[in-house]
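The values are calculated or read from the model by the stated rules, or taken from the named source; none is laboratory data. Only a predicted model underlies this, so the values are computations on that prediction, with no experimental measurement involved. Positions of Cβ are generated from backbone atoms using ideal geometry, with glycine treated the same way; all protein chains shown enter the neighbour counts. Keep in mind that these areas ignore ligands, DNA and RNA; they rest on the heavy atoms of the full protein, side chains included. Shrake-Rupley method; radii C 1.70, N 1.55, O 1.52, S 1.80 Å.
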Amino acid sequence: MLVKTYCAAVNGLEVTTVTCEVSLSKGVMFHLTGLGDTAVKESYDRIKAAITNNNICFPTMDITVNLSPADLKKEGSSYDLPLAIGILASNGDVCTDKLKDYMLVGELGLGGDLQPVRGALPIAIKARKDKFKGLIVPKNNVREAAVVNNLEVYGMETITDVIAFLNSQEQFEPYVTDTRKEFFSHQASSDLDMEDVRGQESVKRALEVSAAGGHNMIMIGPPGSGKSMLAKRLPGILPPLSLAESLETTQIHSIAGKTDRNTSLIYQRPFRSPHHTISQVGLAGGTSKAMPGEVSLAHNGVLFLDELTEFNRATLEILRQPLEDRKITITRANYTVEYPCSFMLVASMNPCPCGYYGDPQHNCTCTPGQINRYLSKISGPLLDRIDIHCEIQAVPFAQLSQLKPGEPSAVIRERVVRARKIQEERFRPFKGVHCNAQMTERMLHQFAEPDESSLDLLRMAMERLKLSARAYNRILKVARTIADLEGSEKVQSQHIAEAVGYRNLDRGDWAERGI
C-alpha cells in the first residue's frame, strides 16, 4: 500500500514541502531514496525502536521510502515522525484520512517521545502558505510554531499521541496564542540600564547618536574603562522591535536552534558578542548544514566585537560585504543560501598592546612601532564602514564614588525613537533605506548638504586634523543624525563640529599623540 505524508526541508530561510512516500511489499529490506543525510538514513533504527517500545507491531516487510523532491538534499532528524506515521499507515495501523491535511515534523526518541527540531517557525509559515489545515510538532516547538495564524498547530509529546489524533481516538485542541498581545506585553526594556553607568557622558552621547542613526561604532580605551559595559546597554536605547522585525529575527534563530522554548517570539533586539577566536564560518555562517552565522543572528540587533584587534584579520574582512549589503550569500559545493544581516556593528579595542597608551594613570610600555602594528590589524576598508570612533578613559575611583546615577535608558530611547521617526518619513520614497547610516552619495547631497559656514568648518577640520577623504561622507551622515536628534531641518555648524569629533582614528597624527 502506498501512503503519503508531508513534512518540510529547511535550506536557509527557504522552506520546501517534502512528500514522504512509503510503500510496503514482500521482503525484509529497508530502502530510502531522496538524498537523505546520515541523520535521515539512521531514522529507521529510531523509528523501529520507538514503534516497538510502544507495543505496536513493526511491519516485517520490504519498506521503500522516497522523499520527494528526490533531488533536494534532506538534512536532520525532523523526518522521523512523518516516516514513522507513513510506515504505520501503510501497514494499516494509522488511518489515512487526515494525512493530506497535516504537515508533520519531529525527531523520535527510542521510547517514542518527540524531541524538538530546528526551524519550526519557517516550517509553520510554509504549511500555511501551502494551505495545509494544520501542523503537528513536538510539544517544545508548539509555542514557536503557533505564532502563525490561520493554521492549527498541535504540540504532541509522543508518537502514540499522534497516532491517537490521526485515528480520531482522542480529542486534541490546537495551541492558540494571541501573538500581538504576547509580543507587546513582553516588549519591556532591558535589565541593563544606562543609569547604572557612572560618568562617561561623552561616550553615552556617542552611543545615543549611533543608535539614532544606525551608525557603526568603535570605542578605544584602556582596560576597565567600561567599553563592554556600555556596549551591552546599547540595545536598551535602540527603538523597540516591530512585529515584522521580530518574526524575521525569530525565523533565523529558529533555523539555528537558538530560540527559547518558553517563548514564541524574540522580543528584544539581539545582542551577539562572539569570542575573538571565532572562525570565518562561525561569523559568516555556512557549516555543512547551512546554519546562519553571528552576522545573521545579530540581524535587527547589535554585533559586538570586543577586543577587535585580537580577531583574525581574515575573519574581520568577512564583515565588509555584509555591512554594505545587509545580507550575506553563502555558497558551498552542495548549496547556496542567503540570510539577512542588517545589524549595527559595535567594536571595542585597546589603544595599544599593553592597553595603556595615553592613559594618565598608567605608563605605556609599547614602542611606536608596536602601536602602529597593533592598529594596522584593522584594515582601512573595514574602518571605512565604521562611522563613529569614540575615545574612552577610565573614571577615577574618587569621581566614581561621588557621581550620581546616569540618565535612564528609557529617556534616551525616547529621543532615539523620535529621531528614527524623522528618518523613516524622510526615506519613505527610498526602498530599503530606513536610517541615516544607509544614505547613498546622492541622498547626502539631498538631505545632508552643509551650509557655507558649516562647509568652511569641515574644510578647516579636515586640513588641521589631517582627516582622510573617506571621513567626509561619514561626518555628514553623523551630522545629519545629530541634527535629527535636535529636530533641526538643516545640518548646522555645531552638528558638523560634533561629528568631526567622532573621527579620531582618521586623524593623521592619532598614533603619535596621547589619547
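Restricting things to alpha carbons, find the Rg to Rh ratio for the stretch 17-70 using the Kirkwood radius for Rh.
Values: Rg = 11.7 Å, Rh = 11.9 Å.
Ratio of gyration radius to Kirkwood radius for the stretch 17-70: 0.98.
Scattering from the C-alpha atoms of the stretch 43-168 alone, worked out with Debye: what is log10 I(q)/I(0) at q = 0.09, 0.22 1/Å?
For the requested q values the scattering log ratios are -0.23, -1.42.
Rounding to the nearest 20 debye, state how big the charge dipole of the stretch 211-301 is about its Cα centre with +1 on each Lys and Arg Cβ and -1 on each Asp and Glu Cβ. Present the calculation step by step, with values, prior to reporting the outcome.
Working: 8 positive and 4 negative charges, 46 e Å.
So the magnitude is around 220 debye.
Among DSSP bridges having both ends in the chain, what percentage is antiparallel? Round to the nearest 5. Walk me through the intermediate numbers first.
Numbers: 26 of 55 bridges.
About 45 percent, rounded to the nearest 5.
How fast does the stretch 343-488 diffuse by Stokes-Einstein, in µm²/s, taking the Kirkwood radius from C-alpha pairs at 10 °C and 1.306 mPa s? Please list the in-between numbers first.
Numbers: Rh = 18.6 Å.
The diffusion coefficient I find is 85 µm²/s.
Any idea of the accessible area per residue across the stretch 349-486, 1.4 Å probe, to the nearest Å²?
Per residue, the stretch 349-486 has an accessible area of 53 Å².
Keeping every protein chain present and rolling a 1.4 Å probe, give me the accessible area per residue for the stretch 56-128 in Å². Each step should come with its number before you reach the end.
Numbers: 2390 Å² over 73 residues.
Spelled out: the 1.4 Å probe surface of the stretch 56-128, per residue, equals 33 Å².
Restricting to DSSP H runs of at least four residues, report the calculated mean residue ellipticity at 222 nm for the chain, -39500 (n - 2.57) per run over all residues, nearest 500 deg cm²/dmol.
Numbers: 22 runs with 184 residues, N = 515.
Rounded to the nearest 500, the figure is -10000 deg cm²/dmol.
Which pairs, out of 74/289; 139/258; 41/74; 204/232; 100/126; 327/421, put more than 20 Å between their alpha-carbon atoms? Spell out each step's value before the answer.
Working: 74/289 10 Å; 139/258 16 Å; 41/74 10 Å; 204/232 12 Å; 100/126 15 Å; 327/421 24 Å.
As for pairs spanning more than 20 Å Cα to Cα, those are 327/421.
Among rounded, prolate and oblate, which fits the stretch 302-417 when a ≥ b ≥ c are the square roots of the eigenvalues of its C-alpha gyration tensor, a/c under 1.5 means rounded, and a/b larger than b/c means prolate? Please report the intermediate quantities before stating the final value.
Values: a/c = 3.16, a/b = 1.34, b/c = 2.35.
The shape class here is oblate.
Of 419, 376, 406, whose Cα points farthest to the positive end of the dipole of the stretch 368-449 (charges on the beta-carbon: +1 Lys, Arg; -1 Asp, Glu; origin at the Cα centre)?
Looking along the dipole axis, the top candidate is 419.
Expressed as a whole percentage, what fraction of the accessible surface of the chain belongs to carbon and sulfur atoms when a 1.4 Å probe is rolled over the protein heavy atoms? Can you show the working numbers first?
Details: 11130 of 22630 Å².
Taking all protein chains in place, the chain shows 49 percent carbon and sulfur surface.
Apply the Debye scattering formula to the chain, with a single equal point scatterer on each alpha-carbon and no solvent, then give log10 I(q)/I(0) at q = 0.06, 0.10, 0.14 Å⁻¹.
The Debye formula, applied to the Cα set alone, gives -0.38, -0.84, -1.29.
Rounded to two decimals, what is the ratio between the C-alpha radius of gyration of the stretch 10-102 and 2.2 N^0.38 Å? Could the numbers behind the result be given before it?
Numbers: Rg = 13.2 Å, N = 93, 2.2 N^0.38 = 12.3 Å.
Rounded to two decimals, the normalised Rg is 1.07.
Express the Stokes-Einstein translational diffusion coefficient of the stretch 295-364 in µm² s⁻¹, to the nearest whole number, given a Kirkwood radius over alpha-carbon pairs, 10 °C and a viscosity of 1.306 mPa s. Provide the component values of the computation, followed by the final result.
Values: Rh = 14.2 Å.
For the chosen part, D equals 112 µm²/s.
Can you tell me the relative contact order of the chain? Whole percent, Cα pairs under 8 Å, sequence separation 6 or more. Provide the component values of the computation, followed by the final result.
Working: 1012 pairs, mean separation 67.4, N = 515.
Contact order relative to length: 13 percent.
Taking DSSP loops as anything outside H, G, I, E and B, show the longest stretch in the chain free of trypsin sites (Lys or Arg not before Pro) there with at most 10 other beta carbons within 10 Å.
Working: sites that count: 26, 131, 431, 513.
That would be 132-430.
Using only alpha carbon pairs under 8 Å that are at least six residues apart, calculate the relative contact order of the stretch 212-283 and give it in whole percent. Display every interim value, and only then the final one.
Numbers: 25 pairs, mean separation 21.2, N = 72.
Relative contact order, the stretch 212-283: 29 percent.
Tell me the label-point distance for the pair residue 260, residue 60, using the 7 Å Cα-to-Cβ offset, in nm and rounded to one decimal.
Here the modelled spin labels are 5.2 nm apart.
Give the cysteines in the chain for which no other Cys Cβ lies under 4.7 Å away, or write none if there are none.
Lacking a cysteine Cβ partner under 4.7 Å: 7, 20, 57, 95, 341, 354, 364, 390, 435.
Over the stretch 56-113, what relative contact order in percent results from Cα pairs under 8 Å that are six or more residues apart?
On the way: 31 pairs, mean separation 24.0, N = 58.
The value is 41 percent.
Using DSSP loop states and a limit of at most 10 other Cβ atoms within 10 Å to flag GluC sites (Glu not before Pro), what is the longest stretch of the chain containing no flagged site?
Values: sites that count: 170, 489.
No qualifying site falls inside 171-488, the longest such stretch.
Which distance in Å, rounded to a whole number, links the C-alpha centroids of the stretch 317-342 and the stretch 1-79?
The two parts, judged by their Cα centres, are 32 Å apart.
Residue 158's amide H: which non-local residues (gap 5+, or another chain) put their own amide H closer than 5 Å, with H modeled 1.01 Å from N in plane and none for Pro or chain starts?
114
If you count the DSSP beta bridges with both ends in the stretch 205-363, what percent of them are antiparallel, to the nearest 5?
Numbers: 6 of 16 bridges.
Looking only at bridges with both residues in the stretch 205-363, the antiparallel portion is about 40 percent.
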